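Undergrad: Okay, here's the structure, questions in a sec.
Values quoted throughout were computed directly from the atomic coordinates according to the rules given, and no laboratory measurement underlies them. From a predicted model like this one, the values you see are computed outputs, not experimental measurements.
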Amino acid sequence: MTEGPPQDIKVIPQSVRGSLLTKDQVFRLWKCAVKDDDNLVDAVIEQVYKEMIAFDLARAESVMQLIIDRDEAAALTFRDLLQEIATDDLLKTDQSRRHGLSAMQHLHELGAPRELIRPIVSINKTSDPDVNV
């Protein structure tokens, strides 16, 4: 399954920003780097699993069974579920902001571990030239 980068990519490391790489090539490079690190792969899978289960347990089990069975519909069904989770999260974030919650308060309210909240804040305040927000 090959997939291109999301259309709204805004963060491109400075080390590749000046090169002639396309957004798709940068995405594929990043994807390869993540896949090469078992700890990152495990973290991504664990987080996706938790979000799927919390969003819709029965549907998550159904999607996981399709993936395990290598069903042709697995990729599309999985992608649809992830899209709905993301859309739901965006709606919740928008509602929280309307009610005066900061993004950090919202993450805490959703039960995000503190170690995940801190890096998000530090990324926004970084002076690292490799980060373009």
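Undergrad: Once you have the Cα-Cα distance between residue 83 and residue 45, take 0.36 nm times their residue separation minus that, and quote the gain in nm to one decimal. The partial results should precede the final answer.
TA: Values: separation 38, 0.36 × 38 = 13.68 nm, distance 1.57 nm.
12.1 nm is the gain from fully extending residue 83 to residue 45.
Undergrad: Another question about this same structure. Using all Cα-Cα distances in region 45-98, what percent lands in each 10 angstrom bin from 0 up to the longest?
TA: Calculated P(r), rounded to whole percents: 25, 50, 19, 6, 0.
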